[in-house]
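Since the structure comes first, as structure tokens, the remarks are kept for the end.
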Amino acid sequence: MQFTSVSPMLYTLNIRESIDYYVGILGFTCEDFAEEWGWASLSHDQISVMLSKPNEHQKFNGPHFTGSIYFRMTGVDKYYQEIKDRVDICYPIETFHYGMREFGIYDINRYLLQFGEPRE
């Protein structure tokens, strides 16, 4: 048995606006969008994120994810410079004692997204 990937599914009431944010600001590609289902699959290099309107099986009062989505990457400083003026920053780029250079932002649904690169 082997796990091969993980793709977070983020619920939103504003799926088109969320797609526009991830594509237009964060540089993702919309791989698939099924408007009738209220679902989209987005990618950036080798990672994927799915967006979905909540379905009738689950109450939805807005994002309630209690953690964050952590993206490991290379070129974190360049990426930060590219998006910092167009996003809601949770914390600016910094090198932490545990060896990661990272920053955090809130997407338009208020999910916390963190982007980090290991430092030697």
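Placing pseudo-labels 7 Å out from each Cα toward the beta carbon at D85 and I47 gives an inter-label distance of 2.5 nm. Structure remark: mean-square fluctuation, Gaussian network model of the chain, C-alpha springs under 10 Å; the largest value among T66, T12, T95 belongs to T66.
For region 66-120, the Kirkwood estimate of hydrodynamic radius, built from reciprocal distances between every pair of different alpha carbons, is 11.3 Å.
Taking every C-alpha pair closer than 8 Å and separated by at least 6 residues, the mean separation divided by the residue count of region 24-100 gives a relative contact order of 19 percent. The local environment of V49, defined by Cβ-Cβ distances under 13 Å, has a net charge of -4 under the rule Lys, Arg +1 and Asp, Glu -1.
How far is the Cα center of region 1-22 from the Cα center of region 46-120, in Å? Taking the Cα centre of region 46-120 as reference, the centre of region 1-22 is 12 Å away.
Among S7, S43, S18, sorting on how many other beta-carbon atoms sit within 10 Å of each Cβ, with the fewest leading, yields S7, S43, S18. Would you indicate which of (1) 26, 16, 15; (2) 28, 13, 12; (3) 31, 16, 10 is the value of semi-axes √(5λ) of the Cα gyration tensor in Å derived from the coordinates of this structure? Read-out from the structure maps to (1). Extension gain for S68 to A34 (0.36 nm times residue separation, less C-alpha to C-alpha distance): 9.7 nm.
No value in this document is a laboratory result; all are computed from the given coordinates. Predicted, not measured: the structure shown is a model, and the values here were computed from it. Reconstructed Cβ throughout: ideal geometry from the backbone, glycine too, with neighbour counts over all protein chains shown.
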